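Colleague: Supplied in structure tokens, the structure appears directly below.
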Amino acid sequence: MIQPLFDNMNLMKPLLDAIAQCGYQTPTPIQRETIPPVLSGKDVLGCAQTGTGKTAAFALPILQRLAQNKPKGNGRPIRTLILTPTRELALQIYENFLSYGKKLPLRSCVIFGGVGQQPQVDALKKGVDILVATPGRLNDLIGQGYISLADLEIFVLDEADRMLDMGFIHDVKRVIAKLPQKRQTLFFSATMPQDVEKL
Ligand code: AMP
């Protein structure tokens, strides 16, 4: 059987170099299914658990789209939001964006609760393209006026089933209500029970 290759997925050289440095040789099934539609601007609903390569499946094409399409005005508005239920996941996703995007002129930031907000606020004030967040702290900082999602282009809801299990449904809905209507949405869940399907 011919092995699928990252080289055949229309990914830009800085990303292919980063993938090679990570030692990845072939895309995982979720990466094969997700990268092409995300690159072409489509919404994606993915059933995948952590450990399947899901993070790269959305991070690689997001980085490419942001690098290829410059923001409209001056400044550096938040153009991608990744909402995830726990601090550990948020940090992992953020670190993956840093390693995959290290040759691209894009900035990422991670925010979560349970720690002081000032370093997060300081990082946000410098301008970020990609924000990885847990729902409580995100709504908190939006309420305080430190975050605007008005220019958002891509929204990722990660681990939707866990988000609901952990009681974040209202927080998630509050965030979604603040997003521009016209956007690309990527929705990931390990399982698809009725309440997740409804969301
Ligand atoms: P994730 O499901 O995103 O948490 O990824 C699980 C692990 O798989 C992480 O340690 C990634 O670095 C690694 N990984 C992601 N994509 C690939 C790939 N195509 N080949 C080998 N390892 C990968």
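Colleague: Please specify each residue of the stretch 32-83 satisfying the condition of being among the hydrophobic types (A, V, I, L, M, F, W, C), more than 17 Å from Val110 (Cα to Cα) and either within 11 Å of the ligand (Cβ to nearest atom) or in contact (Cβ under 8 Å) with a residue 40 or more places away in the chain (or both).
Modeller: Our first condition is that a residue be among the hydrophobic types (A, V, I, L, M, F, W, C); within the stretch 32-83, this holds for 35, 38-39, 44-45, 47-48, 56-60, 62-63, 66-67, 78, 81-83.
So of that shortlist, the ones also more than 17 Å from Val110 (Cα to Cα) come out as 35, 38-39, 44-45, 47-48, 57, 60, 66-67.
Result: Ile35, Val38, Val44, Leu45, Cys47, Ala48, Ala57, Leu60, Leu66, Ala67.
Colleague: Just to be sure I understand, how many residues within the stretch 84-137 are more than 16 Å from the ligand (Cβ to nearest atom), outside any helix (DSSP H, G or I), within 24 Å of Asp165 (Cβ to Cβ) and not β-branched (Val, Ile, Thr)?
Modeller: The first filter runs over the stretch 84-137 and keeps only residues more than 16 Å from the ligand (Cβ to nearest atom), leaving 103-107, 109, 111-129, 131, 133-137.
The next check asks that each one be outside any helix (DSSP H, G or I); those that pass are 103-107, 109, 111-117, 126-129, 131, 133-134.
Narrowing further to those that are within 24 Å of Asp165 (Cβ to Cβ): 111-115, 131, 133-134.
Subset that is not β-branched (Val, Ile, Thr): 112-114, 131, 133.
So the answer is 5.
Colleague: OK, next. Go through (1) at pLDDT 95 or above; (2) open to solvent by 30 Å² or more (accessible area, probe 1.4 Å); (3) over 14 Å from Asp43 (Cβ atoms) one by one and return the number of the condition Ile169 breaks.
Modeller: (1)
Colleague: Could you run through the stretch 46-83 and say how many residues are of a type in the set (A, V, I, L, M), under 25 Å from Lys125 (Cβ atoms) and assigned to a loop (DSSP other than H, G, I, E, B)? Before you say what the answer is, go through the steps one by one.
Modeller: We begin by selecting, within the stretch 46-83, every residue of a type in the set (A, V, I, L, M); these are 48, 56-57, 59-60, 62-63, 66-67, 78, 81-83.
Still in the list and also under 25 Å from Lys125 (Cβ atoms): 59, 62-63, 66-67, 78, 81-83.
In the following step, the residues that additionally are assigned to a loop (DSSP other than H, G, I, E, B) were identified as 78.
Residues flagged as of a type in the set (A, V, I, L, M), under 25 Å from Lys125 (Cβ atoms) and assigned to a loop (DSSP other than H, G, I, E, B) within the stretch 46-83 amount to 1.
Colleague: In the stretch 138-157, which residues are in a helix (DSSP H, G or I) and among the polar types (S, T, N, Q)? Spell out how you get there, then give the answer.
Modeller: Applying the first criterion (in a helix (DSSP H, G or I)) to the stretch 138-157 yields 138-143.
Selection gives Asn139 alone.
Residues checked against (1) closer than 21 Å to Gln184 by Cα; (2) more than 12 Å from the chain's Cα centre (by Cα); (3) modelled with pLDDT of 95 or more; (4) of a type in the set (Gly, Ala, Ser):
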| position | (1), (2), (3), (4) |
| --- | --- |
| Pro14 | no, yes, yes, no |
| Gln31 | yes, yes, yes, no |
| Gly51 | no, yes, no, yes |
| Asn74 | no, yes, no, no |
| Gln92 | no, no, yes, no |
| Arg107 | yes, yes, yes, no |
| Val121 | no, yes, yes, no |
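The values are calculated or read from the model by the stated rules, or taken from the named source; none is laboratory data. None of these values were measured; they are calculated from a predicted model. All Cβ positions, even for glycine, are placed from backbone atoms using ideal geometry, and neighbour counts span all protein chains on display. Surface areas here come from the heavy atoms of the whole protein model, side chains and all, with no ligands, DNA or RNA. Shrake-Rupley method; radii C 1.70, N 1.55, O 1.52, S 1.80 Å.
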